[in-house]
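Structure first, commentary second.
The values are calculated or read from the model by the stated rules, or taken from the named source; none is laboratory data. Computed from a predicted model, the values in this text were never measured in an experiment. Virtual Cβ from ideal backbone geometry, glycine too; neighbours counted across all protein chains shown. Please note that ligands, DNA and RNA were not included when accessible areas were found on the heavy atoms of the full protein model with its side chains. Shrake-Rupley method; radii C 1.70, N 1.55, O 1.52, S 1.80 Å.
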Amino acid sequence: MALRIQSVFPGRVAWVEFDSRVLRGNPWNDPTRRRFPVWLPEGYDLPGSVQRYPVFYGLAGYFGSGPSQVNWQPFNESVPERVARLIHSGAMGPVILAFPDCFTRLGGNQYVNSSALGAYGDYLSQEVVPFIDATFRTLATRDHRGVFGKSSGGYGALFQAMHTPDCWGGVVSHAGDAGFDLAYRGDWPNTLDVLARFRPAVEEETLEQRTRAQALTQGLDDGRVTSFLAAVGSQDRPSSAETHALMNLGMAATYDPDPSAPNGFRLPFHLETGELLSERWARWQACDPVHAAPRHASTLRQLKCLFLDCGWRDQYHLHYGARQLSAALTRARVPHVHEEFDGTHSGIDFRLDRSLPHLYAALKP
């Protein structure tokens, strides 16, 4: 693609602010007032126009945010630029795009309710969606409302579809987190190595230390996670290993929250021996779309569109999770589209050219 200075297709980005009630008191004191972009298609601002539009909500991947999706990109298109081109070419009709900001101190979000992070599932479906419908000329029904995302955003889109069926009519998940046994387990030894740098000093065995060792068998922190979070929070540029460790801790806060535990969540591995804790891992597996989707099959059958894809060279092995999820959906008789392509987990925005016209065809007026 040739280098562009700016998009040649019309449309504009409006910035809105919303102060959440459900995020008040979240455990990390993350802001409740968020400013995020909404893209309006050509024709929206015509004098006297009363036309209403379908709305697509774009959920960012981990370490991403809503505002980042409208940023200029070299040798590539932002999501609004891509959609403007697709509309101009006739591949799809006009839509409104909303990009909520759900960033957290742990680096991202899976867009679910968690006592260890905040009620971000409710924030989206119960607060942001009504706010957008009240602010812009939307077609304010589930039949004209879709949600799409990549990676954690794809997971969030699937979660929203399973748990808030009255809100969403269509879902697109690009390389969404699924197949946790392959996607997450292999990286945890690296996270344990990072956390080991913050292991509490042990000089001689005491009752307190024996109690701490017992706590490790229950997925509890012995102080190293707390120290790591404090250290990484004070750094300007965490290393790649540190950011991956932070992401794995964010997943633990999502899938196994416990208000009584240190930091508000439990861990799926013994911090010292690296042993997988089966009781804790079962909590993660219950959140895996491969296992969760069949439990929500009747809800997912109500969707007008369920689109899944993944590159067959995905670094996080999510193509295997997508295959497992598609097989589970097929067994549960849930209509869906599952596609694979030659690609990794990175640089896959071009797949929106395929998925968003498909989503629009299902949700168009």
Can you run down the residue pairs with Cβ atoms below 9 Å, 6 or more apart or on separate chains, where the first is in the range 309-324 and among the basic types (Lys, Arg) and the partner is in a loop (DSSP other than H, G, I, E, B)? Arg313/Asp342; Arg313/Gly343; Arg313/Thr344; Arg313/His345; Arg323/Gly179
Single condition Gly66 does not satisfy, out of (1) surrounded by fewer than 18 Cβ atoms within 10 Å (Cβ to Cβ); (2) at pLDDT below 95: (1)
Residues Ser326, Ser298: which one is open to solvent by 60 Å² or more (accessible area, probe 1.4 Å), among the polar types (S, T, N, Q) and within 26 Å of Gly121 (Cβ to Cβ)? Ser298
Given the criteria of a type in the set (S, T, N, Q), open to solvent by 50 Å² or more (accessible area, probe 1.4 Å) and at pLDDT 90 or above, does Thr226 qualify? yes
Ala241 - would you say it is within 29 Å of Thr344 (Cα to Cα) and surrounded by 18 or more Cβ atoms within 10 Å (Cβ to Cβ)? no
Leading residue by the ranking (most open to solvent (accessible area, probe 1.4 Å)) among those in the range 93-103 that are more than 18 Å from Asp349 (Cα to Cα) and either among the small types (Gly, Ala, Ser) or out of contact with any strand residue (DSSP E or B) (no Cβ under 7 Å at 6 or more places or on another chain) (or both): Phe103
One residue is enough: does the range 346-364 have a residue meeting the conditions aliphatic (A, V, I, L, M), over 15 Å from Lys150 (Cβ atoms) and touching a Gly at 6+ places or on another chain (Cβ under 8 Å)? yes
Checking Leu306 against (1) more than 26 Å from Arg85 (Cβ to Cβ); (2) in contact with a Pro (Cβ under 9 Å, 6 or more places away or on another chain), only one condition comes out false. Which one? (1)
Just to be sure I understand the filter: pairs with C-beta atoms under 7 Å, separated by 6 or more residues or on different chains, first member in the range 102-118 and free of Cβ contacts under 8 Å to residues at least 12 places away in the same chain and in the same structural domain as Gly58 (by the TED database), second member among the small types (Gly, Ala, Ser) and open to solvent by 10 Å² or more (accessible area, probe 1.4 Å). Which pairs pass? Asn113/Ala119
Can you find even one residue in the range 6-26 that is under 19 Å from the mean Cα position of the chain (by Cα) and free of Cβ contacts under 8 Å to residues at least 60 places away in the same chain? no
Qualifying residues in the range 72-92 (those that are assigned to a loop (DSSP other than H, G, I, E, B) and in contact with a helix residue (DSSP H, G or I) (Cβ under 6 Å, 6 or more places away or on another chain)) - the one surrounded by the fewest Cβ atoms within 10 Å (Cβ to Cβ): Ala91
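For the range 124-151, give me each residue that is in contact with a Leu (Cβ under 6 Å, 6 or more places away or on another chain) and either over 25 Å from Tyr360 (Cβ atoms) or open to solvent by less than 10 Å² (accessible area, probe 1.4 Å) (or both).
Gly146, Gly149
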Count, please, the residues in the range 160-172 that happen to be over 11 Å from Tyr57 (Cα atoms) and either assigned to a loop (DSSP other than H, G, I, E, B) or open to solvent by 40 Å² or more (accessible area, probe 1.4 Å) (or both). 6
Pairs under 7 Å by beta carbon, first residue among the hydroxyl-bearing types (Ser, Thr, Tyr) in the range 339-365, partner open to solvent by 20 Å² or more (accessible area, probe 1.4 Å), six or more apart or different chains? Thr344/Arg313; Thr344/Gln315
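A quick yes/no check of all residues on (1) assigned to a helix (DSSP H, G or I); (2) surrounded by fewer than 18 Cβ atoms within 10 Å (Cβ to Cβ):
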| site | (1), (2) |
| --- | --- |
| Ala230 | yes, yes |
| Ala252 | yes, no |
| Thr273 | no, yes |
| Glu279 | yes, yes |
| Val290 | yes, no |
| Leu306 | no, no |
| Tyr316 | no, no |
| Tyr320 | yes, no |
Could you grab me the full set of residues in the range 111-123 that are within 14 Å of the chain's Cα centre (by Cα), of a type in the set (A, V, I, L, M, F, W, C) and open to solvent by less than 10 Å² (accessible area, probe 1.4 Å)? Leu117
Can you tell me which of (1) at pLDDT 95 or above; (2) more than 17 Å from the chain's Cα centre (by Cα) is the one Ala292 doesn't meet? (2)
